[in-house]
1. Are any residues in segment A:85-99 touching a helix residue (DSSP H, G or I) at 6+ places or on another chain (Cβ under 6 Å) and under 14 Å from A:Val66 (Cα atoms), and if so, which ones?
2. Return a yes/no flag: does segment A:5-18 have any residue that is more than 18 Å from A:Gly60 (Cα to Cα) and touching a residue at least 12 places away in the same chain (Cβ under 8 Å).
3. Determine if segment B:133-146 includes at least one residue that is facing chain A (nearest Cβ under 10 Å) and closer than 22 Å to A:Ala22 by Cα.
4. Considering only segment B:57-68, how many residues are aliphatic (A, V, I, L, M) and facing chain A (nearest Cβ under 9 Å)?
5. Scan segment A:14-31 for residues that are charged (D, E, K, R) and more than 8 Å from chain B (Cβ to nearest Cβ) and jot them down.
6. Counting only residues that are of a type in the set (Gly, Ala, Ser), without any contact (Cβ under 8 Å) to a residue 24 or more places away in the chain and in contact with a strand residue (DSSP E or B) (Cβ under 9 Å, 6 or more places away or on another chain), how many does segment B:15-64 have?
7. Just to confirm my filter: which helices (runs of 4 or more DSSP H) fall fully inside segment A:32-107 and include at least 3 residues that are within 14 Å of chain B (Cβ to nearest Cβ) and farther than 14 Å from A:Gln7 by Cα?
8. So, A:Ser26, is that one surrounded by 12 or more Cβ atoms within 10 Å (Cβ to Cβ) and out of contact with any helix residue (DSSP H, G or I) (no Cβ under 9 Å at 6 or more places or on another chain) or not?
Amino acid sequence: MKEQVQQLLELQELEFISKESAIVHSDGDADEDLETRICKKRRKIPADLLARYDRLTQFGPSIVAVKGGMCVGCNLSIPQGDLNRIINGSVEPVCPHCNRFLNIDVS
Amino acid sequence: MATANPVNLKAFITPDRVILGLETEDRSAALERLIEPLIAGDIVVDKAQFLEDLERREAEYTTMTDNGIAIPHARSQAVRRLGISVGLVSGKGIQFDPESDTRCHLLFCIAVPAFAPTSHMPLLQAVAKFGRDTKRVEKILVSKTQAVAARYLASYKS
């Protein structure tokens, strides 16, 4: 699951860059190469996971960090037990409150 | 993703965030100079890390526009809060995008905290809109002091 979240994180980054490029460049078009890379990345991700990612993206970033034990997406505290289970890989890295994917930097 | 709302540049740009007469032709050197006011303002905590993140972002897709404005920005763990610095380049400009012949004369460097990856979108939109207005760009490029440049930018309503 950690690898899949990593893939989603890379996809999210590419999609952010695409949006930024549309803002910065007056023609409003992102680079074709960038779009191709996004398509390729999306093809590698399982359909159900991608559907969850797309649904969450409607309300902001789908993959968020945990800061001070709090989900940055919803600003609610994640119980330490849940965090431990996420870190040791026994449960999905998902916020128990908002369902966003959590990108936890263990280091 | 939420729609970006107009932003008032006044909230972000102060005279100490403006660098006049940037004299370099090298992109990395220019970026390093642009990071300095952000470090002084306690926005960026690790210069090397942020510089690396900026270069990585540039490698993905250039942030330079056709009219010689560059808006380097990056999400980074080295950033504590959203911030921006401005560089006015003197001389013949910077070869910012190796694939373009256009020289860059105005730079806006945006520091984006990794934990708020889309927080800069309204700011980016405002700065990009400013950059598209050639008259305003010409006017800011002849600013004599940091305060004048900051005031001019701050008065801009996107």
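1. Initial filter on segment A:85-99 (touching a helix residue (DSSP H, G or I) at 6+ places or on another chain (Cβ under 6 Å)): A:91, A:93, A:96.
Residues satisfying the conditions are A:Pro93, A:Pro96.
2. Of all residues in segment A:5-18, those more than 18 Å from A:Gly60 (Cα to Cα) come to none.
Taking every residue of segment A:5-18 in turn, none turns out to be more than 18 Å from A:Gly60 (Cα to Cα) and touching a residue at least 12 places away in the same chain (Cβ under 8 Å).
3. As a first pass, look at segment B:133-146 and keep what is facing chain A (nearest Cβ under 10 Å): none.
Scanning segment B:133-146 turns up no residue that is facing chain A (nearest Cβ under 10 Å) and closer than 22 Å to A:Ala22 by Cα.
4. Here is the first cut: in segment B:57-68, the ones aliphatic (A, V, I, L, M) are B:59, B:64.
Cutting the leftovers down to facing chain A (nearest Cβ under 9 Å) gives us B:64.
The qualifying residues number 1.
5. Keep residues of segment A:14-31 that are charged (D, E, K, R), which gives A:15, A:19-20, A:27, A:29, A:31.
Selection gives A:Glu15, A:Asp27, A:Asp29.
6. Counting residues in segment B:15-64 that are of a type in the set (Gly, Ala, Ser), without any contact (Cβ under 8 Å) to a residue 24 or more places away in the chain and in contact with a strand residue (DSSP E or B) (Cβ under 9 Å, 6 or more places away or on another chain) gives 1.
7. Details: elements: A:32-44, A:47-57, A:80-87.
Once the helices (runs of 4 or more DSSP H) in segment A:32-107 are filtered for at least 3 residues that are within 14 Å of chain B (Cβ to nearest Cβ) and farther than 14 Å from A:Gln7 by Cα, what remains is A:32-44, A:47-57.
8. Working: surrounded by 12 or more Cβ atoms within 10 Å (Cβ to Cβ): yes; out of contact with any helix residue (DSSP H, G or I) (no Cβ under 9 Å at 6 or more places or on another chain): no.
Taking the combined requirement at face value, the residue does not satisfy it.
A short reminder: the numbers here are calculations on the coordinates, not readings from a lab. Values in this document were obtained by computation on a predicted structure and should not be read as measured data. In this analysis, Cβ positions are derived from the backbone assuming ideal geometry, glycine residues included, and neighbour counts consider all displayed protein chains.
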